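The values are calculated or read from the model by the stated rules, or taken from the named source; none is laboratory data. Just so you know, these numbers come straight off a predicted model, no measurement behind them. For neighbour counting, all protein chains shown are included, and Cβ atoms are generated from backbone atoms with ideal geometry for every residue, glycine included. Just so you know, the surface numbers come from the protein's heavy atoms only, side chains and all, with ligands and any DNA or RNA stripped out. Shrake-Rupley method; radii C 1.70, N 1.55, O 1.52, S 1.80 Å.
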Amino acid sequence: MALTAVFYTAIGGMRASMLTDFVQAIIMAVAVVVALPLAFTFVGGLGTVNAIFQSFNPSFVGQALSTQEIVGFMAAFGFSIAAAPYEITRIYSMRDEKTVRQAIGITLIFQAIIGTSVALLAVYMRVMFPALSNPDLASVIMSLNVLGPILGALLISAIFSAILSTVDSVMIVSGAGLAHDIYVKLFNPDATERQKLWANRISIGILGLIPLVLALNRGLVGDLVQFIVVLQASMMGAMFFMPLVLGLHWKRVTTAGGVAGMVFGFSTVIIWHVGTEIYSFIPESLAANDPVIPGVLVSFLVMVVVSYATGKPSRKSLAPFFDDVTVADGGTDERDT
């Protein structure tokens with residue numbers, strides 16, 4: 001699966017990634033929608049689920065988490081998905097603004113169908129197989145024992161689709177960063193288009209194989225992979241949300257401010273996690289907040305302070321993002337009037 005994703009992403013680039021993601025989204029939606037009524041019938045209905053769930057733990061049918069924890073969870077994934085580089089590149093690859101708006105609406109529908117169905121399937125599996133040694137086995141056990149060979153294979157395909165649709169997007173963004181922002185800008189500014197293309201393909205290949213090696217040899221990095229998985233949403237939201245929002249809506253923000261906002265936002269998440277989960281030097285009254293909340297706040301403050309402390313950005317850097325800013329001689333923008 002890893003080799004397949006690396007191959008089509010390296011050869012086909014963004015177009016291959018988007019076409020395969022479209023097919024994968026269809027597979028995911030069809031699989032969970034088909035599996036849902038079968039699981040519902042197998043369990044015996046919603047009333048049976050509630051009764052069994054309550055026998056496990058009364059909080060399963062109520063609000064087990066505090067409001068603060070729920071808000072933190074929503075903030076982590078809300079900020080991260082709004083600013084994830086692999087999502088933003090999809091937006092910029094669309095042909096026009098109308099397509100972007102339509103795509104966002106269609107995406108919300110598919111996400112609602114898939115997300116709700118997966119959540120309900122998880123509930124049913126908890127009822128049907130309460131003694132699983134590992135929650136990750138739920139989908140495989142359901143495929144074998146509930147859905148049968150054909151529909152079960154469809155569900156497993158949906159899981160692979162969910163993995164691949166994220167992996168190829170991350171590889172495209174990371175590969176471009178390694179090839180264009182590091183290799184070309186720092187080591188070979190005069191690279192030809194062919195050299196850039198192959199640098200990008202090689203970068204994708206390396207970036208795709210490294211995590212595969214780490215996944216197969218988890219002892220090499222201990223709990224580092226799990227640490228990143230748990231914190232990735234908070235890290236991404238704190239690092240990218242404010243630079244993206246302020247960069248698109250505030251003409252005074254500078255490159256130094258954006259970089260500082262990313263560094264301090266990311267660092268705040270790490271410090272917050274260490275201070276709440278490892279050494280407990282952050283007050284308990286604040287510890288329930290997800291690290292993304294202080295991370296976004298610190299990122300905002302640092303960006304504003306550093307941007308005002310450095311020179312104003314040039315018209316050339318603002319022009320791609322603001323319609324009323326031009327680089328032509330005699331042109332003016334709001335800062336000059």
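Say whether the condition of being open to solvent by less than 60 Å² (accessible area, probe 1.4 Å) and either assigned to a loop (DSSP other than H, G, I, E, B) or on the phi > 0 side of the Ramachandran plot (or both) is met by at least one residue in region 102-122.
No.
Restricting attention to region 4-22, report how many residues are open to solvent by 30 Å² or more (accessible area, probe 1.4 Å), among the hydrophobic types (A, V, I, L, M, F, W, C) and in contact (Cβ under 8 Å) with a residue 12 or more places away in the chain. Steps first, please.
So the first thing to find is which residues in region 4-22 are open to solvent by 30 Å² or more (accessible area, probe 1.4 Å), and the list is 4, 7-8, 11-12, 14-15, 18-20, 22.
Narrowing the set further to residues that are among the hydrophobic types (A, V, I, L, M, F, W, C) leaves 7, 11, 14, 18-19, 22.
Within this subset, residues satisfying the condition of being in contact (Cβ under 8 Å) with a residue 12 or more places away in the chain are 11, 14, 18.
Number of matching residues: 3.
Considering region 29-50 alone, what residues qualify as being touching a Phe, Trp or Tyr at 6+ places or on another chain (Cβ under 8 Å) and surrounded by 13 or more Cβ atoms within 10 Å (Cβ to Cβ)? Let's see the steps before the verdict.
Pass one, region 29-50, residues touching a Phe, Trp or Tyr at 6+ places or on another chain (Cβ under 8 Å): 29, 39-40, 42-43, 46, 49.
Those that are touching a Phe, Trp or Tyr at 6+ places or on another chain (Cβ under 8 Å) and surrounded by 13 or more Cβ atoms within 10 Å (Cβ to Cβ): ALA29, ALA39, PHE40, PHE42, VAL43, VAL49.
Scan (1) part of a helix (DSSP H, G or I); (2) exposed (fewer than 15 other Cβ atoms within 10 Å of the Cβ); (3) not β-branched (Val, Ile, Thr) for the single condition PRO130 breaks and write down its number.
Status for PRO130: all satisfied but (1).
Under 8 Å between Cβ atoms, at least 6 apart or on separate chains: pull out the pairs that start in region 180-197 with a residue that is aromatic (Phe, Trp, Tyr) and end on any residue that is assigned to a helix (DSSP H, G or I) and open to solvent by 80 Å² or more (accessible area, probe 1.4 Å).
Within 8 Å, no pair qualifies.
Looking at SER169, SER93 in this structure, which one is modelled with pLDDT under 85 and touching a Phe, Trp or Tyr at 6+ places or on another chain (Cβ under 7 Å)? Write out each step before concluding.
Numbers: SER93 fails: touching a Phe, Trp or Tyr at 6+ places or on another chain (Cβ under 7 Å).
Of SER169, SER93, the one residue that is modelled with pLDDT under 85 and touching a Phe, Trp or Tyr at 6+ places or on another chain (Cβ under 7 Å) is SER169.
Among (1) open to solvent by 30 Å² or more (accessible area, probe 1.4 Å); (2) under 30 Å from ALA39 (Cβ atoms); (3) touching a residue at least 12 places away in the same chain (Cβ under 8 Å); (4) not charged (D, E, K, R), which single condition is SER93 missing?
Evaluating SER93 over (1) open to solvent by 30 Å² or more (accessible area, probe 1.4 Å); (2) under 30 Å from ALA39 (Cβ atoms); (3) touching a residue at least 12 places away in the same chain (Cβ under 8 Å); (4) not charged (D, E, K, R) leaves (2) as the failure.
Report yes if ALA162 is among the hydrophobic types (A, V, I, L, M, F, W, C), closer than 18 Å to MET28 by Cβ and open to solvent by 30 Å² or more (accessible area, probe 1.4 Å), otherwise no. Lay out the reasoning, then the answer.
Details: among the hydrophobic types (A, V, I, L, M, F, W, C): yes; closer than 18 Å to MET28 by Cβ: yes; open to solvent by 30 Å² or more (accessible area, probe 1.4 Å): yes.
For ALA162, the condition - among the hydrophobic types (A, V, I, L, M, F, W, C), closer than 18 Å to MET28 by Cβ and open to solvent by 30 Å² or more (accessible area, probe 1.4 Å) - is met.
Got a number for residues in region 295-315 being buried (at least 19 other Cβ atoms within 10 Å of the Cβ) and modelled with pLDDT under 90?
Within region 295-315, residues that are buried (at least 19 other Cβ atoms within 10 Å of the Cβ) and modelled with pLDDT under 90 number 1.
What number of residues within region 249-294 are touching a Phe, Trp or Tyr at 6+ places or on another chain (Cβ under 6 Å) and either crowded, with 19+ Cβ neighbours inside 10 Å or within 26 Å of ILE88 (Cβ to Cβ) (or both)? Spell out the reasoning first.
Let us first name the residues in region 249-294 that are touching a Phe, Trp or Tyr at 6+ places or on another chain (Cβ under 6 Å), namely 275, 291-292, 294.
Narrowing further to those that are either crowded, with 19+ Cβ neighbours inside 10 Å or within 26 Å of ILE88 (Cβ to Cβ) (or both): 291-292, 294.
Result for region 249-294: 3.
Checking LYS196 against (1) at pLDDT 85 or above; (2) surrounded by 17 or more Cβ atoms within 10 Å (Cβ to Cβ), which test does it fail?
(2)
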